[in-house]
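Peer 1: I have a structure I would like to understand better, so I am pasting it below and will then ask my questions one at a time.
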Amino acid sequence: MGPARRSTITPPDSSRPRPERRGAPGHRRAKRLWRGAAVCAGVPALSVLLIGSVFTATAVAAQPAVGLGTATPFAVLGGSTVTNTGASVISGDVGVYPGTAVVGFPPGLVNNGTIHAADAVALQAQSDVTTAYNDAAGRTPAVTESSDLGGQTLAPGVYQAASALSLTGTVTLDAAGDQSAVFIFQAGSTLITASSSSVSLIGGAQACNVFWQVGSSATLGTATSFVGTILALTSASLDTGATLQGRVFARNGAVTLDDNVITQPGCATTTPTTTTTSTTAGSTSTTSPTSGSAGGTTSSGATGSVSTTGSVVSGEGSSGAGSAAGTTTSAVIPLGAPHTGLGGASRSRDDALIGLGAVALLAAGTTAAVAGWRRRRASQTTASATFR
């Protein structure tokens, strides 16, 4: 027997990794890796959708003011009669329709307004009050409110009591810096305040943006200090010494006054103004403050012009528009989109940008983490295949 022949079959090169078969452990690990990456990649997209929905909900919740139409100039408007006792002082129009009697003026005084008894002006105003009443009653979404508002601090929005709404003590309405913030209260039946109760406005809240829709009758107790426009379906009464910064409207019944002060509210607005002052070398030009304008002094310098932008706060009411003489402030940056109303509540666009920036950072971090994980897993897979 001759010598054994050496085999010519070349053994497989153990240094090269074998291709993974479908179903092999390495293949299963790769599938798990890709599934994990897909889940991680989906997290930023989901976050963007969630944040977008939050900002959308905020904008939807903001409320515009209730439009009063031709009823805007009125401080008092009754359905059957308007009756006054004592030295009441009313700033704004006083009217009645379809009734004809406006009694007690004098001794009551009507300043900056006219009495309209069953005329065409009162007729149209009552029609617009009905529209405003239905508008306020239909506002949503509404926060269910306890029967008594006393002791609470409320943000802009709609508040609803299924039956009677009362106020004992003080309720504070906080606009959080948004002068356009709107507060709407819906009372299923009556609105009654206890003696010496009050409504306090803070954070830029304005009486012109507060509305009380009352399902039957409203009664302001003795010495109550109240704020806003009362839209009562039946009647409204102000007891002795009660004051109202707003309006009182009764659609079907009487408005009864007793030594009260009612001041029709105006809405302050911020209007940007620009003043340009020319200067010549070696001279000084001074602009003096005038009503509604900014004043200042510029000293010598090269010929040119200086433009100064400021803002003037003015009030607008039924009896005309007024402005603060010589009052200037720095340029105002709005807190949010107009109607955002909030503020409702309103929110600044910067909030949305900050949120989206956070999502972008999260996405970048997630992507980097997944990439690092994939490299480690690939290295482990290669090493495992090498040492088989």
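Peer 1: Only one of 195, 216, 166, 237 is touching an Asp or Glu at 6+ places or on another chain (Cβ under 9 Å), within 26 Å of residue 118 (Cβ to Cβ) and of a type in the set (Gly, Ala, Ser); which?
Peer 2: The conditions single out 237.
Peer 1: How many residues, within region 242-256, are in a strand (DSSP E or B) and crowded, with 24+ Cβ neighbours inside 10 Å?
Peer 2: So the count comes out to 6.
Peer 1: While we're looking at this one, here's another question. Mind checking which residues of region 55-79 are in contact with a Lys or Arg (Cβ under 8 Å, 6 or more places away or on another chain), at pLDDT below 95 and buried (at least 21 other Cβ atoms within 10 Å of the Cβ)?
Peer 2: 63
Peer 1: Now a separate question. Among the residues of region 187-224, which ones are over 23 Å from residue 175 (Cβ atoms) and of a type in the set (Ser, Thr, Tyr)?
Peer 2: 189, 190, 195, 196, 216, 217, 219, 222
Peer 1: Right, next: Go through region 87-102 and give me each residue that's farther than 18 Å from residue 234 by Cα and surrounded by 14 or more Cβ atoms within 10 Å (Cβ to Cβ).
Peer 2: Those that are farther than 18 Å from residue 234 by Cα and surrounded by 14 or more Cβ atoms within 10 Å (Cβ to Cβ): 88, 89, 90, 91, 92, 93.
Okay, residues lined up against (1) not β-branched (Val, Ile, Thr); (2) not in a strand (DSSP E or B):
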residue	(1), (2)
106	yes, yes
113	yes, yes
123	yes, yes
126	yes, yes
131	no, yes
134	yes, yes
139	yes, yes
150	yes, yes
160	yes, no
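Peer 1: Say whether the condition of being over 18 Å from residue 262 (Cβ atoms) and either in a loop (DSSP other than H, G, I, E, B) or modelled with pLDDT under 95 (or both) is met by at least one residue in region 220-235.
Peer 2: Within region 220-235, one or more residues are over 18 Å from residue 262 (Cβ atoms) and either in a loop (DSSP other than H, G, I, E, B) or modelled with pLDDT under 95 (or both).
Peer 1: Inside region 138-165, can you point out the residues that are over 18 Å from the mean Cα position of the chain (by Cα), at pLDDT 95 or above and buried (at least 17 other Cβ atoms within 10 Å of the Cβ)?
Peer 2: The answer is 148, 149, 161, 165.
Peer 1: Which numbered condition trips up residue 118, out of (1) surrounded by fewer than 18 Cβ atoms within 10 Å (Cβ to Cβ); (2) touching a strand residue (DSSP E or B) at 6+ places or on another chain (Cβ under 6 Å)?
Peer 2: Unmet condition: (2).
Peer 1: Given the conditions (1) outside any strand (DSSP E or B); (2) out of contact with any Pro (no Cβ under 7 Å at 6 or more places or on another chain), which single one is not true for residue 181?
Peer 2: Of (1) outside any strand (DSSP E or B); (2) out of contact with any Pro (no Cβ under 7 Å at 6 or more places or on another chain), only one is false for residue 181: (2).
Peer 1: I've got another one for you. Can you tell me which residue among 229, 170 is surrounded by 17 or more Cβ atoms within 10 Å (Cβ to Cβ) and β-branched (Val, Ile, Thr)?
Peer 2: Checking each option against the conditions leaves just 229.
The values are calculated or read from the model by the stated rules, or taken from the named source; none is laboratory data. Quick caveat: nothing in here was measured; it's all calculated off a predicted structure. Neighbour counts run over all protein chains shown; Cβ positions are idealised from the backbone, glycine included.
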